[in-house]
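Since the structure comes first, as structure tokens, the remarks are kept for the end.
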Amino acid sequence: MSPSSKSISPWNGRIKLIICITLPLLLLLVPTSSLPIFNGLSLMEHRLLAIFLMAVMMWVLEPIPVFATSVLVIMLELLLVSDRGLKFLITPEAENFGNVLSYKSIMHSFAEPIILLFLGGFFLAAAATKYRLDLNLARVLLAPFGEKPANVMLGLMAVTAIFSMFMSNTATTAMMLALLVPILKTMPDGDKGRIAFALAIPFAANIGGIGTPIGTPPNAVAQKYLTGENAIAFVDWMIFSVPYVVVMLFFSWVLLCRFFPTSTPSIKVDINSRWQKSPQAYTVYVVFGLTIFLWIFASLLGLGLTSHIIAMVPVSIFCATRIITPKDLKQMDWDVLWLVAGGLALGSGLKATGLSKSLVEVIPFDTMSGIMIIGVGAFVAIAMSTFMSNTATAALILPIMAALGTGLPELTEMGGTQLIVIACTFACSLAMAMPISTPPNALAYATGFLSTKDMGKAGVLVGGVGLLVSFGMIFIMSSLGYFN
């Protein structure tokens with residue numbers, strides 16, 4: 001999430017909060033028939049439109065924490081558009097009332113299978129950090145890269161990307177920067193290589209998160225719309241995403257080496273950590289390996305287990321063996337889960353009330369080609385993610401894109417919902433041009449080794465090339481019949 005709110009004065013924060021409340025309230029008070037750009041908008045759609053506007057403004061301006069906005073979205077849906085909302089507001093007999101949401105479906109957003117999938121990832125990451133599995137794996141994986149600066153940077157990027165596929169991008173970046181910063185301080189002032197190394201870690205973390213369904217929260221939001229006939233298994237996601245990660249890592253590495261060449265002849269990353277040999281540590285090693293193995297090969301082995309069910313393996317075993325304690329639970333990123341839950345609730349509401357379809361009809365997408373629609377959606381996603389939380393962007397963009405995927409023949413013929421959802425999800429993770437774009441970017445900027453200009457110059461190029469590569473890869477796989 002964006003750290004920008006930390007620098008906002010209390011007074012500016014209050015002004016933003018007043019704006020974020022006043023404008024949606026005014027929209028809510030306007031008669032439904034007075035909304036000219038919408039044709040035949042129902043009362044439930046009107047109310048949800050006001051909630052949607054509030055979510056957009058609060059996620060962009062951040063007058064309150066982004067996860068708090070998600071909780072507020074769920075509460076307002078329960079009060080204003082659910083079958084157990086305020087009685088004097090829920091009168092289905094009224095003219096053009098529209099579809100009322102089930103309060104159970106809204107509350108279920110806190111326990112969607114996607115939430116549990118991410119929770120499993122959190123347990124794996126917490127246990128790996130607690131028993132130093134991450135440091136030991138980093139030591140082993142970095143060993144083959146030697147001490148030549150360019151090779152060391154490639155190794156750091158590869159390790160960071162691998163960890164980010166199964167751990168929080170933020171936690172991975174914090175760990176890798178903790179290893180790297182002492183080394184950067186030994187490099188001479190004015191050595192551009194320090195900029196390259198400082199950027200390599202967040203870039204690799206952002207790109208690596210694309211590699212698995214649990215790699216980053218936007219992927220979890222995407223899974224909400226990749227169900228039924230549009231479902232993509234864990235291993236199938238990796239089949240097209242891992243090659244993409246490899247290509248983008250290599251491009252980013254070449255770019256950073258060219259833009260910021262180092263004058264230091266050799267670099268040695270000294271990780272002073274050894275494998276632990278306690279029963280708990282061995283349990284972590286086995287469960288970590290087993291979980292990843294099942295995520296990748298369960299469908300191929302015909303076990304019938306979904307990735308969500310497999311995610312419960314580390315949760316149950318680590319709790320039962322006290323590897324994860326109540327203290328460890330308190331330190332997990334629960335705010336991320338709440339943020340995702342709010343996005344899921346908003347997406348479900350957009351679909352159930354029909355508002356997503358109404359929003360789509362406002363824009364003349366039917367006059368655009370399928371390629372143009374995907375391009376516009378992905379560009380909007382990366383532009384929004386540059387200035388706000390990529391998870392919040394996914395929560396706002398993907399419901400509308402999913403509606404396009406099922407409603408327009410131009411997209412249905414190319415791959416429908418799968419194609420456009422994947423393109424926009426990738427785009428959300430490619431926003432790396434500013435320190436506020438992603439938490440990994442903010443952590444790298446906080447080291448003091450780079451400027452906003454350095455990050456912007458490299459980040460815009462990586463993001464732009466990433467979009468082009470993702471389009472090419474997606475369209476090639478679509479032509480091969482990979483997408484529905």
Tilt relative to the chain, helix 66-80 - C-alpha long axis, 0 to 90 degrees, to 10: 20 degrees
Answer label, with Kirkwood radius over Cα pairs in Å calculated from the coordinates and candidates (i) 23.4; (ii) 24.9; (iii) 24.1: (i)
Distance in nm between pseudo-label sites at V286 and V254 (7 Å out along the Cβ direction from Cα): 4.5 nm
By average Cβ neighbour count within 10 Å, what is the ranking of 343-350, 53-60 from highest down? 343-350, 53-60
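Based on other C-beta atoms within 10 Å, arrange K457, K104 from fewest to most.
With the fewest neighbours first, K457, K104 line up as K104, K457.
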Could you check the spin-label model distance between T186 and V246? Points 7 Å from the Cα along Cα→Cβ, value in nm. 3.3 nm
Expected unfolding gain across T264-L468 under the 0.36 nm per residue rule, minus the alpha-carbon gap, is 70.1 nm
For the chain, what is the charge dipole size about the Cα centre, in debye to the nearest 20, if Lys and Arg each add +1 at the Cβ and Asp and Glu each add -1 at the Cβ? 1480 debye
Given points 7 Å out from each Cα along the Cα-Cβ axis, report the T321 to I19 separation in nanometres with one decimal. 5.2 nm
Ranked by Cβ crowding within 10 angstrom, fewest neighbours first, how are S316, S164 ordered? S316, S164
For E361, E62, which order do you get if you count the other beta carbons within 10 Å of each Cβ and list the fewest first? E361, E62
Helix 169-186 sits off the longest principal axis of the Cα atoms of the chain, rounded to the nearest 10 on a 0 to 90 degree scale, by 40 degrees
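For A68 and S34, FRET efficiency with R0 = 51 Å and r from the beta-carbon atoms, rounded to 0.05?
It comes to 0.95.
Bear in mind that the values in this text are calculations on the coordinates, not laboratory data. On a predicted model such as this, the values are computed, not experimentally measured, just so you know. All Cβ positions, even for glycine, are placed from backbone atoms using ideal geometry, and neighbour counts span all protein chains on display.
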